[in-house]
Amino acid sequence: MNANRLVKTLGDLYAAYGYQPYRMSKFEEYDLYARNKDFLLSDQIITFTDTNGKLLALKPDVTLSIIKNTEDLPGVQKLSYHENVYRVSGHTGAFREQPQTGLECIGELGPYDIAEVLLLAGRSLKAISEEAVLDISDLGLLSKVLDAVTAEKADRREVLRCFYEKNRHELSALCRERFPAAEETLDRLIQCQGAPREALEQLRDILGGTSAESELRSLEKVMSLLEGTDVYRMLRLDLSVSGDSKYYNGIVFKGYVKGVPNSVLTGGRYDNLLRRFHRASGAVGFAVYLDMLEPLYDGLPETDVDDLIVCPEEADLPAAIRLRDRLIGEGKRVSVQRLAPGKLRCKNRWLCKGNEVTPF
């Protein structure tokens with residue numbers, strides 16, 4: 001896999017669905033991130049003072065910048081991006097420039113918009129590897145279940161932590177101590193995972209006719225729109241998928257590919273974050289963390305071009321041009337040179353002499 005080709009493939013994929021490329025500055029006013037540090041993966045931020053005395057920061061996040069620099073419009077805004085963010089690496093503990101590609105859908109969201117974003121998340125994973133999984137949860141559904149269990153914020157946080165850690169033992173102990181009537185329901189929910197159709201049947205059996213009925217129907221509608229698509233087989237419903245409930249309020253998801261131990265794609269619906277910016281619209285999106293894919297590049301032969309055509313004399317150019325045009329027409333990357341560059345990596349080499357073209 002070639003990183004540059006992947007970025008182009010993903011950009012073309014998002015453009016095909018009407019997502020407009022969004023460009024932003026490398027930095028924002030530090031205050032934007034200071035007021036939303038609990039949304040960031042890390043509160044460590046690179047800052048500097050501008051010539052006008054303002055404190056700026058190299059952007060550690062793309063979503064916050066997009067929210068800050070857009071406004072609510074009729075319908076939905078579909079935006080895609082390829083940007084670098086500046087965060088502390090979990091491997092080295094040092095700041096690192098990390099490339100990511102993703103999209104945001106902002107506006108009056110309906111089931112189609114959510115399903116489309118999930119479809120594009122799945123196809124993004126397929127562009128990386130055919131062996132991929134997209135885990136999906138619904139914080140809105142979980143929140144509605146917890147509304148009927150407890151109003152205590154501390155208790156709700158503990159229940160969600162148990163779900164995210166898949167810790168049935170602690171969840172059972174918590175229920176027995178504080179809300180025993182909910183123990184069976186929560187224990188069944190924490191075990192609920194699998195392919196959409198089977199998992200939805202389990203959820204319908206557990207939650208049908210309860211206060212979470214509306215959220216369950218919405219989830220069923222979104223999944224029905226994805227049934228029959230090329231990504232449906234990689235979808236897995238799993239209520240342990242985590243997301244910060246201060247910001248996320250509905251579907252959350254994480255994508256995994258074979259060969260990488262952690263999620264390479266994360267996303268979700270984040271209307272709650274928009275409320276902090278006094279906006280009434282909804283929003284859903286995801287990011288592909290390209291730096292997480294580096295293990296997949298290791299050991300793979302990288303080339304600068306597919307074919308190198310060496311044409312020592314001007315008289316040999318017509319043959320070289322004919323070969324060049326044929327190869328480009330086949331989708332190849334071609335470089336025509338008078339001499340063979342020592343450092344140019346290629347799959348095939350051709351030598352033009354007169355009207356003859358021979359591999360060498």
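Working only within the range 215-226, note down all residues that are touching a residue at least 24 places away in the same chain (Cβ under 8 Å) and either farther than 16 Å from V117 by Cβ or outside the structural domain of V117 (by TED's automatic domain parsing) (or both).
E215, L216
In the set (1) in contact (Cβ under 8 Å) with a residue 60 or more places away in the chain; (2) closer than 30 Å to L290 by Cβ, R233 fails one condition alone, (1).
If you check A283, A320 for being touching a residue at least 24 places away in the same chain (Cβ under 8 Å), touching a helix residue (DSSP H, G or I) at 6+ places or on another chain (Cβ under 6 Å) and surrounded by 13 or more Cβ atoms within 10 Å (Cβ to Cβ), only one passes: A283. Of all the listed residues (L323, L265), the sole one being more than 30 Å from S214 (Cα to Cα) and not aromatic (F, W, Y) is L323.
Note down all Cβ pairs under 7 Å where the first residue falls in the range 1-14 and is of a type in the set (G, A, S), the second is buried (at least 17 other Cβ atoms within 10 Å of the Cβ), and they're at least six residues apart or on different chains. Pairs found: A3/L290; G11/S80; G11/H82. State whether one or more residues within the range 83-99 are hydroxyl-bearing (S, T, Y), farther than 17 Å from M292 by Cβ and either surrounded by fewer than 12 Cβ atoms within 10 Å (Cβ to Cβ) or within 17 Å of the chain's Cα centre (by Cα) (or both). Among the residues of the range 83-99, not one is hydroxyl-bearing (S, T, Y), farther than 17 Å from M292 by Cβ and either surrounded by fewer than 12 Cβ atoms within 10 Å (Cβ to Cβ) or within 17 Å of the chain's Cα centre (by Cα) (or both), which makes the answer no. Name, by its number, the condition in (1) assigned by TED's automatic domain parsing to the domain that holds E131; (2) part of a loop (DSSP other than H, G, I, E, B); (3) among the small types (G, A, S) that does not hold for G342. Failed condition: (1). Residue check: is V145 surrounded by 14 or more Cβ atoms within 10 Å (Cβ to Cβ) and modelled with pLDDT of 95 or more? No; evaluated as a whole, the condition is false for this residue.
Taking residues in the range 16-38 that are crowded, with 16+ Cβ neighbours inside 10 Å, and partners anywhere that are part of a helix (DSSP H, G or I) and at pLDDT below 80, the pairs with Cβ atoms closer than 9 Å and at least 6 places apart or on different chains are Y33/F39.
Let's see how each residue does on (1) free of Cβ contacts under 8 Å to residues at least 40 places away in the same chain; (2) out of contact with any strand residue (DSSP E or B) (no Cβ under 9 Å at 6 or more places or on another chain):
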residue	(1), (2)
D43	yes, yes
I66	no, no
G75	yes, no
T101	no, no
Y112	no, yes
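The values are calculated or read from the model by the stated rules, or taken from the named source; none is laboratory data. Everything quoted here is computed from the prediction, not taken from an experiment. We place every Cβ from the backbone using ideal geometry, glycine too, and count neighbours over all the protein chains shown.
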